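Here the structure comes first, spelled out in structure tokens, and everything after it is commentary.
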Amino acid sequence: MVLDLYNSHRETRDNLGNQDENKNLILLGPYKETIGTELGPTQITISNIGDAFILGHVTNGILGTSMLGATNYGSPTVVRVVNPNNIFHEHFRFSDFNDTTVTTASFSTTYFNVSFDLDEIFQTKSIFYNVESVQYVTIYVNLTGSKTTITVDNGGGQLVTLTEGT
Amino acid sequence: MVLLSDGLNRVRDLVNNDIFKCQAGTGTTSPTPADTGLETADSNTLLAPSKTTASESIQVTHTINSTIGSGTSYSEQEIQLNSGTDHLNRIVHTAITKGSEDEFNYITNIFFKSL
């Protein structure tokens, strides 16, 4: 029987079951399937202990000289920022590098971005503070609204790239 | 198919739990991926860091308080994993001499992301 079908050169088809509806599906990319670990910047800060009482300290560990709960314990000062491979990448996971004294745009550690309204500013703190100088900057932006104007202060003459999309 | 933030955060937690201690030193040789630790470690600075997690990221803060290393010019630092057997990173920076009234903080961010 099978040999007869073969010799007759007729097609055979399985009509049992449902039609395969997956055969024409096309998988569109890009899909990201690689887990990467990225070492970010390291900030080095120094705080001056002032007159604060520090147990075990050679000069600040003397009661009557140093003060418990001293208020002149200094706030941390950034003295170095070290970037692996000399690349700083702002992921918006932490706000350490957001200069809140200047920034008026919305820095979001929830949405991992900074969003601007008209005339708003985003400024970072020092992101290179070792021996490197900044060579170029790449900014990824999503543009919304009828018109968006972006001004980048590149007073240092660095190349600035604006890329739309994420 | 896409890597989920939930999965990346699981990887983050595995690494976070494996972070052991941090250490600073005085070595100045540029870091390479083949390094297996600091060039010239100061064992007084081998301390457990404080760690903060955010989505797909960890922030590690290594504090060297004012009673440690006065007069030492620190120029390198590392994060150790697996009870100190392995090392996650080594950074080298221009030296900073630590005064007796100085408290140092090395604050490092680590990110986990889909590529």
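Values quoted throughout were computed directly from the atomic coordinates according to the rules given, and no laboratory measurement underlies them. Note that the coordinates shown come from a computational prediction; the quantities given were computed from them, not determined experimentally. Glycine gets a Cβ as well: all are built from the backbone with ideal geometry, and neighbour counts include every protein chain shown.
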### Query
Extension gain A:Thr71-A:Asp119, at 0.36 nm per residue separation less the Cα-Cα distance, in nm?
13.4 nm
### Task
In a Gaussian network model over chain B where Cα atoms closer than 10 Å are linked, find which of B:Ala48, B:Ala34, B:Ala95 has the largest mean-square fluctuation.
B:Ala34
### Query
With θ set to phi - 60° and the Karplus curve 6.51 cos²θ - 1.76 cosθ + 1.60, what are the ³J(HN,Hα) couplings of segment B:18-29 in order, to the nearest whole Hz, using x for Gly and Pro?
8, 5, 9, 9, 10, 8, 10, x, 10, x, 10, 5
#### Entry: Cut-off under 5 Å, modelled amide H: who pairs with B:Phe112 long-range
A:Glu38, B:Ser57
### Task
Can you pull the one-decimal nm distance between simple spin-label points at A:Leu63 and B:Ala48, each 7 Å off the Cα toward Cβ?
2.8 nm
### Task
Taking only Cα atoms and a 10 Å spring cutoff, compute GNM fluctuations for chain B and point out the largest among B:Ile64, B:Ile19, B:Ile91.
B:Ile91
### Query
Sorting A:Tyr129, B:Tyr106, B:Tyr74 on the 10 Å Cβ count, fewest up front, what's the list?
A:Tyr129, B:Tyr74, B:Tyr106
### Query
In sequence order, what are the phi-derived ³J(HN,Hα) couplings for segment B:105-110 according to the Karplus relation 6.51 cos²θ - 1.76 cosθ + 1.60 with θ = phi - 60°, rounded to whole Hz, with x for glycine and proline?
10, 9, 10, 10, 9, 10
### Task
Considering the options B:Ser70, B:Asn89, B:Ala54, tell which one lies farthest towards the positive end of the dipole of segment B:5-111, charges being +1 on Lys and Arg and -1 on Asp and Glu at the Cβ, about the Cα centre.
B:Ala54
### Query
Which value in nm describes the separation of the simple spin-label points at A:Val102 and B:Thr94, placed 7 Å from the Cα toward the beta carbon?
2.0 nm
### Query
From the backbone phi of segment B:84-90, what are the Karplus-calculated ³J(HN,Hα) couplings (6.51 cos²θ - 1.76 cosθ + 1.60, θ = phi - 60°) in whole Hz, Gly and Pro given as x?
x, 6, 10, 10, 7, 8, 9
### Message
Can you list residues from other chains, or at least 5 along the same chain, whose modelled amide H is less than 5 Å from the amide H of B:Glu39?
### Response
B:Gly27
### Message
Which residue fluctuates most in the GNM of chain B (Cα springs below 10 Å): B:Leu38, B:Leu81, B:Leu14?
### Response
B:Leu14
### Query
Label B:Asn82 and A:Tyr111 with points 7 Å out from Cα along Cα→Cβ: what is the distance between them in nm?
4.2 nm
### Message
Skipping prolines and chain starts, which residues have an amide H placed within reach, meaning under 5 Å, of the one on A:Asn113, given they are 5 or more residues away or on another chain?
### Response
A:Ser108
